[in-house]
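J.: Shown below is the structure under consideration.
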Amino acid sequence: MTMIVKAAVLQTDWAGTKVAMLDKHEQAVHDAKAQGAQVMCFQELFYGPYFCQVQDAEYYEYTEQIPDGPTTQRFQRLAKETGMVLVLPMYEVVRPGLYYNTAAVIDADGTYLGKYRKQHIPQTKGFWEKFYFKPGSGGYPVFDTAVGKVGVYICYDRHFPEGWRALGLNGAQIVFNPSATSRGLSQYLWGIEQPAAAVANEYFVGAINRVGIEPLGDDNFYGQSYFVDPEGSYVGDKGDPYKPELIVRDLDLDLLTEVRNRWQFYRDRRPDAYDDLVRP
């Protein structure tokens with residue numbers, strides 16, 4: 001029996017308030033469900049602006065506890081209502097002064113499965129993330145969901161192949177890469193890195209990016225969200241480079257076995273020869 005998972009991502013622009021962003025994403029879940037979607041991931045820091053264009057403690061107010069905060073609990077109820085797996089990239093507070101760039105994973109029955117904390121934190125013009133986030137803890141978890149084994153790797157993480165591989169070794173079938181990335185900086189990499197990661201690690205990747213220019217700076221988010229299969233082929237078209245778009249695609253998980261039987265990358269690894277990779 002063919003195993004098809006209908007997966008969705010939403011690329012969108014800043015709606016002006018947290019309340020409006022939450023409402024927009026809730027409606028998008030219903031819209032995705034109407035198209036048959038079973039799993040959906042939002043963009044990085046989905047309910048806020050991309051405030052890392054500036055360094056201002058005012059934006060610590062966007063933090064919430066995970067899973068005990070209101071947004072996680074709201075979308076747990078929505079996941080249960082719609083029967084969808086949801087991946088929620090948020091701004092997490094552990095205690096005052098200790099904040100993470102985090103994605104919560106909710107199963108289709110509304111159960112909170114756990115979180116991934118962004119491991120690699122940039123600090124460059126337009127992306128002053130070290131002001132806001134501590135590097136992640138908790139490794140590279142893979143979540144056993146109603147649609148299969150799902151992993152998350154957030155934005156700047158994608159430049160580091162070690163984490164992609166760790167997710168594969170932990171059993172990932174689908175990895176979501178929620179992002180906020182700008183024209184003129186990383187666009188030439190956007191169509192290379194995630195397909196390469198999908199091929200090297202033999203799983204599906206869902207890449208999500210914002211769209212538009214927000215009031216806090218001149219970062220020009222270029223959308224073009226997409227799904228890519230373990231052969232490096234796009235599943236359908238990329239998203240629009242300028243406009244919000246809901247993208248829903250069929251992912252054939254049987255392709256994973258076919259590709260892994262053809263290319264034995266996991267068999268032929270040489271971890272005994274990789275000591276250099278963990279040098280400081």
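J.: Consider only pairs whose beta carbons are under 9 Å apart and that are at least six residues apart or on different chains; among these, list those whose first residue lies in segment 46-67 and is within 20 Å of PRO244 (Cβ to Cβ) and whose second residue is acidic (Asp, Glu) and surrounded by 15 or more Cβ atoms within 10 Å (Cβ to Cβ).
T.: Short answer, once both residue conditions are applied: TYR47/GLU64; PRO49/GLU214; TYR50/GLU44; TYR50/GLU214; TYR50/ASP219; PHE51/GLU214; GLN53/GLU214; GLN53/ASP219.
J.: For segment 1-38, give me each residue that is farther than 15 Å from GLU81 by Cβ and β-branched (Val, Ile, Thr).
T.: Scanning segment 1-38 gives THR2, ILE4, VAL5, VAL9, THR12, THR17, VAL19.
J.: Here's a follow-up. Among the residues of segment 16-26, is there at least one that is polar (S, T, N, Q) and in a strand (DSSP E or B)?
T.: No, segment 16-26 has no match at all.
J.: How do the pairs read when you match residues in segment 103-124 that are without any contact (Cβ under 8 Å) to a residue 24 or more places away in the chain with residues anywhere that are surrounded by fewer than 18 Cβ atoms within 10 Å (Cβ to Cβ) and of a type in the set (D, E, K, R), using Cβ under 9 Å and keeping only pairs 6 or more apart or on different chains?
T.: Pairs that qualify, where the first residue is without any contact (Cβ under 8 Å) to a residue 24 or more places away in the chain and the partner is surrounded by fewer than 18 Cβ atoms within 10 Å (Cβ to Cβ) and of a type in the set (D, E, K, R), are GLN123/LYS130.
J.: Take segment 87-129 and flag every residue that is of a type in the set (Gly, Ala, Ser), in a loop (DSSP other than H, G, I, E, B) and out of contact with any Lys or Arg (no Cβ under 6 Å at 6 or more places or on another chain). Don't jump to the end; show me each part of the working.
T.: Start the filter on segment 87-129 by keeping residues that are of a type in the set (Gly, Ala, Ser), which leaves 97, 103-104, 108, 110, 114, 126.
Now restrict to residues that are in a loop (DSSP other than H, G, I, E, B): 97, 108, 110, 126.
Result: GLY97, ALA108, GLY126.
J.: Moving on to the next point. Suppose we filter GLY168, GLY217, GLY206 for residues that are part of a loop (DSSP other than H, G, I, E, B) and of a type outside the set (S, T, N, Q); which single one remains?
T.: GLY217
J.: Looking at segment 184-203 only, could you name the residues that are surrounded by fewer than 21 Cβ atoms within 10 Å (Cβ to Cβ), part of a loop (DSSP other than H, G, I, E, B) and either more than 16 Å from the chain's Cα centre (by Cα) or among the aliphatic types (A, V, I, L, M) (or both)?
T.: Once the filter is applied, which keeps residues that are surrounded by fewer than 21 Cβ atoms within 10 Å (Cβ to Cβ), part of a loop (DSSP other than H, G, I, E, B) and either more than 16 Å from the chain's Cα centre (by Cα) or among the aliphatic types (A, V, I, L, M) (or both), segment 184-203 yields GLY184, LEU185, SER186, ILE192.
J.: Here's a check for you: in segment 97-145, which residue that is within 14 Å of ASP157 (Cα to Cα) and small (Gly, Ala, Ser) is surrounded by the fewest Cβ atoms within 10 Å (Cβ to Cβ)?
T.: Out of the qualifying residues, it is SER137.
J.: I've got another one for you. Do you know which of the residues in segment 243-278 that are assigned to a helix (DSSP H, G or I) and under 15 Å from LEU169 (Cα atoms) is nearest to the chain's Cα centre (by Cα)?
T.: Here the answer is LEU256.
J.: If ASP240 satisfies every condition in (1) in a loop (DSSP other than H, G, I, E, B); (2) without any contact (Cβ under 8 Å) to a residue 24 or more places away in the chain; (3) out of contact with any strand residue (DSSP E or B) (no Cβ under 6 Å at 6 or more places or on another chain) but one, which is the exception?
T.: So the condition that ASP240 fails would be (2).
J.: A further question follows. Between a first residue in segment 157-175 that is more than 14 Å from PHE265 (Cα to Cα) and at pLDDT below 95 and a second residue that is surrounded by 14 or more Cβ atoms within 10 Å (Cβ to Cβ) and among the aromatic types (Phe, Trp, Tyr), which pairs have beta carbons less than 6 Å apart while being 6 or more apart in sequence or on different chains?
T.: none
J.: Could you pull out the residue among ALA166, ALA172 that is on the phi < 0 side of the Ramachandran plot and under 15 Å from the mean Cα position of the chain (by Cα)? Before you say what the answer is, go through the steps one by one.
T.: Working: ALA166 fails: under 15 Å from the mean Cα position of the chain (by Cα).
Going through ALA166, ALA172 in turn, the sole match is ALA172.
J.: I would also like to ask the following. Looking only at residues in segment 44-63 that are in contact with a Gly (Cβ under 7 Å, 6 or more places away or on another chain) and of a type outside the set (Ser, Thr, Tyr), which one is surrounded by the fewest Cβ atoms within 10 Å (Cβ to Cβ)?
T.: Once the filter is applied, the top-ranked residue is VAL54.
The values are calculated or read from the model by the stated rules, or taken from the named source; none is laboratory data. Quantities reported herein were computed from a predicted structural model and do not represent experimental measurements. Heads up, the Cβs are rebuilt from the backbone with ideal geometry, glycines too, and the neighbour counts pull from every protein chain shown.
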